[in-house]
Amino acid sequence: MSNEEYWDTFFGVDLEQVDPDIDLIIDFEEERQARKLIMIPSESMAPRAVRAALGSVFNNVYAEGYPPLRMTRDSEPLLLDLAYQLAYYRRYADRRFYKGVDYVHFVETLAQRRAADCFANDRVGSGDIYVNVQPLSGAAANLAVYDTVVDVGDVVMGMDLYQGGHLTHGSEFNFSGKRYHVVSYGVSKRTGKLDYDEIRDQAREHKPKMIIAGFTSYTWAPDWEVFADIAHEVGAMLLADISHPAGMAIAGAFPNPVGIADIITFTTHKTLFGPRGAVIMCTDEELANRIDLAVFPGEQGGPHTQKFAAMAVAFKIAQSEQFSKIQYQIKDNAGALAQGLQERGLGLAYGGTDTHFCMLDLNSVEAGTGFPLRAEPAVRILDMAGIVANKNTIPGDEETAKAMGIRLGTPWLTQRGFGPPEMDEVARLIHKTVTNIRPFSYTGL
Ligand code: DSN
């Protein structure tokens, strides 16, 4: 095949012509997303502008290393003085291993600066926030933090996976639980919520080197000040993992840990509506340098530069008033959903929510067949009924396969314009579905 033929057949033509099968599957996925009520709290819709940046020619570039230190400290107006920055680029060496990164420097540093601008607050200004935007996702970001602040075998405290923590907060199935001596904390047996006195006692007894706060299925916001106080009392670092509520924290609808926790990690594709990726922040320059080295070359090679461009767009959008409004609406909608479920007699794990999702407790469903309604068949049936959610363990569960919780998030529906009346209708549909399932069991092959 000549170059010309190659171009005409594959290169310069649309997906539809090159691979109609994949094109059709993408169409189906688009239709699924439009037709169903998607309530996975870690999912949301990335705006078209974010996806345009993500699908851009930055995909074609390698950029191992970091942008010039000088640019990482520049303000946005100075970063956008392209002629000034390019003059520097052409004259001086930098921290990348490849040439051809003239424009990668811009997208990476704009993503960094805008992220810092989003999280700056009364405690810490944007210029004092150090940002790494290279982690490929949340687990990679957390791994880099472990590599930076703890040694293999050290004691780490994190929330129990079964009670609301994340896989990387010390699960036995994950690097975190395998490499480190993990002491998990959970909810208090007495209150069903976090009890900071109990956590403090645990920390005093086990003397962790790092405490992780921030959750994937616990529904109440952490008290960052108290967590920091506990950590610092025992000489530990506090890692705030705000992967889920990052967008809400930017808007002020969730407490912002920047300036309180020693290190903050978050993903950019949940309430932030950005590309799949993650960010690590801290306010100590020396620590930031060690984190940078843990990400590259410690853990990763070439960063996904197209993601930098998409993150920069997402952080620009996140500074808007409209974004802020949506974040507050997400929270109000979760409250309305929780209320709608409770008013219909369904129970919620942790008793309610002040974040972007609630946790339906299926122990509250009287199935009437002598078998409990577990979350796995319930979410399958909800999906067939057009409501997409995920099964999740809740306090009391001991096996993921037998999980009794369903996580119900509101980001996606809020982006589609749902308000409290619509959330009440969603609660009605969920109630109708789960109370009409008749679970049974049989011994199969
Ligand atoms: N698995 C993600 C979630 O859904 O919460 C977090 O990594």
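A few points about this structure:
- Residues that are free of Cβ contacts under 8 Å to residues at least 40 places away in the same chain, among the aliphatic types (A, V, I, L, M) and in a helix (DSSP H, G or I) within the range 79-105 comprise Leu79, Leu82, Ala83, Leu86, Ala87, listed in sequence order.
- Of the helices (runs of 4 or more DSSP H) lying entirely inside the range 270-347, those containing at least 2 residues that are among the small types (Gly, Ala, Ser) and more than 21 Å from the chain's Cα centre (by Cα) are 321-343.
- Filter result for Arg428 (of a type outside the set (Phe, Trp, Tyr), more than 16 Å from the ligand (Cβ to nearest atom) and in a helix (DSSP H, G or I)): yes
- Thr369 being in contact with a Phe, Trp or Tyr (Cβ under 6 Å, 6 or more places away or on another chain), more than 23 Å from Glu29 (Cβ to Cβ) and either of a type in the set (Ser, Thr, Tyr) or part of a helix (DSSP H, G or I) (or both): yes
- Condition broken by Ile406, with the remaining ones in (1) in a helix (DSSP H, G or I); (2) under 20 Å from the mean Cα position of the chain (by Cα); (3) not hydroxyl-bearing (Ser, Thr, Tyr) satisfied: (1)
- Members of the range 121-146 that are away from the ligand (no atom under 16 Å from the Cβ) and assigned to a helix (DSSP H, G or I): Ser126, Gly127, Asp128
- Looking only at residues in the range 171-190 that are within 12 Å of Gly153 (Cα to Cα) and either of a type in the set (Gly, Ala, Ser) or in contact (Cβ under 8 Å) with a residue 60 or more places away in the chain (or both), the one that is nearest to the ligand (Cβ to nearest atom) is Ser176.
- Thr109 vs. criteria assigned to a helix (DSSP H, G or I), buried (at least 23 other Cβ atoms within 10 Å of the Cβ) and within 15 Å of the ligand (Cβ to nearest atom): no
- For the range 380-403, the criterion of a residue being within 16 Å of the ligand (Cβ to nearest atom), part of a loop (DSSP other than H, G, I, E, B), aliphatic (A, V, I, L, M) and in contact with a Gly (Cβ under 6 Å, 6 or more places away or on another chain) is satisfied by at least one position.
All of the numbers you see were taken from the coordinates with simple rules; none came from a lab. Owing to the predicted nature of the structure, the values given are computational and were not obtained by experimental measurement. In this analysis, Cβ positions are derived from the backbone assuming ideal geometry, glycine residues included, and neighbour counts consider all displayed protein chains.
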